[in-house]
Amino acid sequence: MSFALSGSAAAPRFARVVLPARFLVGALGTVVLARLVLLVWELRLHAGPRPPAPPGDADEGYHRVPTGLEEQYHYLGLLTILTLVVCVLGFVYWLQAMRDNADILAPEAQRHSRPWLWFSWIVPGISFWFPRDVVVDIWRAAAPRGGNPAERRTPWWINAWWLLLLAAAAMLLITEDLRDDGQPEADLVYDAFRGVLATDVLLVAAAVLAIVLVLRMTRDQEARTRA
């Protein structure tokens, strides 16, 4: 004799996203602060006199000795790079946890496979739009119960964040191409101050909007997984 056991299906286990989100918001805030401090040093360099050039050609080994303010600017630049690296790693980790839940909530709404969470940022060409697709699909997966994720409208702050991020990346590439490896990094401030300033403004704006994005997406997904 056999007995049929009845019971409800086990509830899905959602990934925890609040803690990674808090860490990421803190990392983004650190990026904003570090970049603003760097901006202050750039303004100080731009306002002061430019040190004289070395007596000979840089290709022949003549390099200018950086001033104290330029040395400080160099180390502040290294600090901002470190904050950016931590922020990028935190962002992808948070995005991975959000994707885990999105695969449960609306797997049909995810246009790209999971490896693209990482590779979409580094593969030339598709890195211009694949990361945005990943974010948008995760956002749509948190649509209210009974709604169609595909019909969920992409909010303005996702599009604005992505455009600012692309613009900041483009300005970084342009300014880095102007850098002279044989001279202090501060020379770039003297030679292309407007480009350096635009890069800082775009990065700060993108980081601020990223904070909005992380808070809004985490809040919506938490509300959906608890419903």
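Tabulated values for the structure
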item	result
Matching residues in region 156-173 - criterion: being surrounded by fewer than 19 Cβ atoms within 10 Å (Cβ to Cβ) and either under 28 Å from E71 (Cα atoms) or of a type in the set (A, V, I, L, M) (or both)	I158, A160, L163, L166, A167, A169, A170, L172, L173
Failed condition for E176, given (1) buried (at least 16 other Cβ atoms within 10 Å of the Cβ); (2) of a type outside the set (S, T, N, Q); (3) under 17 Å from L76 (Cα atoms)	(1)
Verdict on I138 being of a type in the set (V, I, T) and either surrounded by fewer than 17 Cβ atoms within 10 Å (Cβ to Cβ) or under 14 Å from the mean Cα position of the chain (by Cα) (or both)	no
Residue in region 175-186 that is closer than 20 Å to F91 by Cα and either of a type in the set (V, I, T) or out of contact with any helix residue (DSSP H, G or I) (no Cβ under 9 Å at 6 or more places or on another chain) (or both) present	no
In region 13-30, the residues that are within 19 Å of W139 (Cβ to Cβ) and not in a helix (DSSP H, G or I)	F14, A15, R16, V17
Test: residue in region 76-92 that is modelled with pLDDT under 90, out of contact with any helix residue (DSSP H, G or I) (no Cβ under 6 Å at 6 or more places or on another chain) and either crowded, with 19+ Cβ neighbours inside 10 Å or at negative phi (or both)	no
One residue from S113, S120 being more than 17 Å from P184 (Cα to Cα) and without any contact (Cβ under 8 Å) to a residue 12 or more places away in the chain	S113
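The values are calculated or read from the model by the stated rules, or taken from the named source; none is laboratory data. Predicted model only: the values in this text are computed from it and were never measured. Heads up, the Cβs are rebuilt from the backbone with ideal geometry, glycines too, and the neighbour counts pull from every protein chain shown.
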